[in-house]
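Colleague: I have a structure here, written as structure tokens, and I will follow up with some questions on it.
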Amino acid sequence: MRKRSLLLAGAALAATLPFAAVQPASAASVCATGKVCAWTGANFTGTRYDRTASEHGCDAPGPVNTSFRTISNQSRFNVTVYSEDGCYGSTVVIRSGHYSGSLPFKARAYSW
């Protein structure tokens with residue numbers, strides 16, 4: 001009986017695994033290829049700002065004093081996210097094709 005319960009629990013867990021693999025694809029679908037998209041709220045909420053990543057440099061995602069909590073990097077570059085304006089402060093690197101639904105700080109700038 002115990003063995004059967006463990007098998008059922010394992011089957012239930014295995015059934016949920018394919019759904020976890022879908023998340024990066026859905027993040028990519030909300031941000032077009034070649035762009036870096038940032039949202040003011042966590043988990044793709046709030047105001048969205050898009051930039052085409054074509055030249056290297058430091059940029060703010062939106063108007064002055066805008067901070068963001070979510071970023072999707074669908075560009076061909078790795079993107080470094082900064083906690084302070086002018087690309088200073090704490091950093092997080094978001095690789096090409098990846099995203100963060102909840103950055104560890106309110107980000108103010110990014111560079112590629």
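Throughout, read-outs are computed from the coordinates displayed, never taken from laboratory work. Quantities reported herein were computed from a predicted structural model and do not represent experimental measurements.
Colleague: Taking 0.36 nm per residue of separation and subtracting the Cα-Cα distance, what length does fully extending VAL93 through SER54 add?
Modeller: Full-extension gain reported as 12.3 nm.
Colleague: Can I ask one more? Taking square-rooted eigenvalues a ≥ b ≥ c of the alpha carbon gyration tensor, is segment 42-104 rounded, prolate or oblate, where a/c under 1.5 means rounded and, failing that, a/b exceeding b/c means prolate?
Modeller: Here segment 42-104 falls in the rounded category.
Colleague: Further question: Give me the percent relative contact order of segment 24-111, please, defined on Cα pairs under 8 angstrom at least 6 residues apart.
Modeller: 32 percent
Colleague: If I stretch the segment between THR45 and SER102 completely, what's the gain in nm (0.36 nm per residue apart, minus their alpha carbon distance), one decimal?
Modeller: Difference between extended and current length: 19.5 nm.
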